[in-house]
Amino acid sequence: MIKNVKFITSVFDKSKLIKTTKKQIVLVGKSNVGKSSFINAICNNSKLAKIGSSPGKTRSINYYLVNDEYYLVDLPGYGYSKMSIKEKENVAKLVDKYLESGNVSYIFFLVDIRHKPTLDDKTMQDYLSSYDIPFTIIANKADKISKKAQQENIDIIRKVLFAKEEILPFSAEKKENVDAVIDIIENLI
């Protein structure tokens with residue numbers, strides 16, 4: 001159970017990555033996929049993670065300390081951004097350095113259940129698989145479509161990504177599968 005969560009820091013430079021022995025559970029996904037809403041839903045705090053008015057603004061790795069036991073770590077979104085080429089390169093280097101650090105215990109990989117995964121999503125899945133870090137695919141925004149469409153779209157996501165990993169429909173708005181996500185985390189901790 002998540003009892004208390006506090007925002008710790010935003011890291012923009014790889015030399016400032018937090019060095020810790022605490023487990024780190026990471027969120028990855030496209031810009032505008034709903035990672036902030038996901039964090040707010042599982043932490044039961046609508047004001048914890050700032051939800052941007054436009055996608056592609058996050059250039060930092062954001063650390064949240066949960067129950068003084070482990071970190072939730074939100075990586076910058078990919079795919080849509082108004083960043084310059086130089087800024088994109090810097091963010092990519094920051095994410096690479098973080099994932100290479102060996103500190104990642106588990107990943108929640110968010111995709112939008114309403115849309116077929118993009119080439120960027122497939123690239124991210126291949127990238128994550130290359131690090132051999134266990135992950136669950138979160139098919140976010142499930143409240144936006146019917147239950148029947150959810151299953152059909154999960155099948156499409158599975159086919160496009162050649163996914164062997166679990167795919168969990170999720171809705172921050174309706175709190176769908178919040179408990180399932182928390183169970184995954186508690187089994188890791």
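Identify all residues within the range 101-132 that are of a type in the set (D, E) and in contact (Cβ under 8 Å) with a residue 24 or more places away in the chain; write none if there are none.
If the condition is that a residue be of a type in the set (D, E) and in contact (Cβ under 8 Å) with a residue 24 or more places away in the chain, then D112, D120, D121 are the ones that fit.
Results for (1) at pLDDT 95 or above; (2) closer than 17 Å to Y98 by Cβ, shown as yes or no for each residue.
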position: K30; (1), (2): no, no
position: G52; (1), (2): no, no
position: T58; (1), (2): no, yes
position: N67; (1), (2): yes, no
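Just to check your reading of the model, which residue among I185, I137, I154 is part of a strand (DSSP E or B), crowded, with 17+ Cβ neighbours inside 10 Å and in contact (Cβ under 8 Å) with a residue 24 or more places away in the chain?
Sole residue among the options that is part of a strand (DSSP E or B), crowded, with 17+ Cβ neighbours inside 10 Å and in contact (Cβ under 8 Å) with a residue 24 or more places away in the chain: I137.
Of the residues K122, K148, K164, which single one is more than 21 Å from L99 (Cβ to Cβ) and basic (K, R)?
When all the criteria are applied, what remains is K148.
Every residue in the range 79-129 that is surrounded by fewer than 16 Cβ atoms within 10 Å (Cβ to Cβ), of a type in the set (A, V, I, L, M, F, W, C) and closer than 18 Å to L161 by Cβ, please.
L119
Does V160 count as of a type in the set (V, I, T) and within 16 Å of the chain's Cα centre (by Cα)?
Judged against the criteria, V160 is not a match.
Y63 versus (1) surrounded by fewer than 21 Cβ atoms within 10 Å (Cβ to Cβ); (2) at pLDDT 95 or above; (3) not in a strand (DSSP E or B): which is the lone unmet condition?
The single condition Y63 does not satisfy is (3).
Quick grid of which residues meet (1) acidic (D, E); (2) out of contact with any Lys or Arg (no Cβ under 6 Å at 6 or more places or on another chain); (3) closer than 25 Å to Y71 by Cβ:
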residue	(1), (2), (3)
K93	no, yes, yes
E100	yes, yes, yes
Q125	no, yes, yes
S130	no, yes, yes
K147	no, yes, no
I154	no, yes, no
S171	no, yes, yes
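The values are calculated or read from the model by the stated rules, or taken from the named source; none is laboratory data. In this text the structure is predicted, and so the values were computed from the model without any measurement. All Cβ positions, even for glycine, are placed from backbone atoms using ideal geometry, and neighbour counts span all protein chains on display.
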